[in-house]
Amino acid sequence: MRVLIPGRFQPFHLGHLHLVEHAFRENDDIIILIENADESFTFNNPMTSGERIEMVREVLLKNFKNEFHRLMILPMVNIKNNAEWVYHLKTMIPSFDLCYSNNPLVKILMENAGINVMGVNLKEREKFSGREIRRRISLKMDWESLVPGEVYRYIISRKIDERIRRLVTENDNIVHG
């Protein structure tokens, strides 16, 4: 069975890694869908799709070296019309049998299109969220413990942490408001 794991991965964190570990145990192939591929340089989407693909690839190559051939990492530009989103998705990526998501909108859209959706038991959701990690980065709090080492090194080496802090100062109410 091929499973789809959609997400923005801004950044990829230990909760995402936990989900991929589960998916590898339960499925034959995995598509990691990098959503909002056309959005970047905002507080909610600070990284480009290329940066996210590289970041996710580094983590998964290290953690699943022998299983990497079962994995695809694909970018996806979202469309604004939710009613057409699944159709658009199905024309842009390889076929899949199941979607892992807890996002209520994704669940509704997939189920309406006849695609099975499995909710996932998220690891410490309050702590392992992209928003929380970006908030911690912006406030210079500990965030290294929430992401795989490859992600930490990727973000630091490319100064994406500085980008996140600069983005939040331009729109201060996102973190502090």
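The values are calculated or read from the model by the stated rules, or taken from the named source; none is laboratory data. Only a predicted model underlies this, so the values are computations on that prediction, with no experimental measurement involved. With ideal geometry, Cβ positions are generated from the backbone for all residues, glycine too; neighbour counts draw on all protein chains shown. In case anyone asks, the SASA skips ligands and DNA or RNA and just uses the protein heavy atoms, side chains included. Shrake-Rupley method; radii C 1.70, N 1.55, O 1.52, S 1.80 Å.
Details
- Scanning the range 1-44 for residues that are closer than 16 Å to residue 163 by Cβ, open to solvent by 20 Å² or more (accessible area, probe 1.4 Å) and within 10 Å of the chain's Cα centre (by Cα) yields a total of 1.
- Among the residues of the range 67-75, some residue qualifies, meaning at least one is over 16 Å from residue 23 (Cβ atoms) and not polar (S, T, N, Q).
- Among the candidates 55, 110, 47, residue that is surrounded by 18 or more Cβ atoms within 10 Å (Cβ to Cβ), among the aliphatic types (A, V, I, L, M) and in a loop (DSSP other than H, G, I, E, B): 47
- Matching residues in the range 58-68 - criterion: being over 16 Å from the mean Cα position of the chain (by Cα), in contact (Cβ under 8 Å) with a residue 12 or more places away in the chain and open to solvent by 50 Å² or more (accessible area, probe 1.4 Å): 62, 63, 67
- Among the residues of the range 69-84, none is identified as free of Cβ contacts under 8 Å to residues at least 40 places away in the same chain, under 21 Å from residue 10 (Cα atoms) and not in a loop (DSSP other than H, G, I, E, B).
- Cβ-Cβ under 9 Å pairs, at least 6 apart or on other chains, the range 140-155 side over 15 Å from residue 51 (Cβ atoms), far side of a type in the set (Ser, Thr, Tyr) and modelled with pLDDT under 95: 146/129
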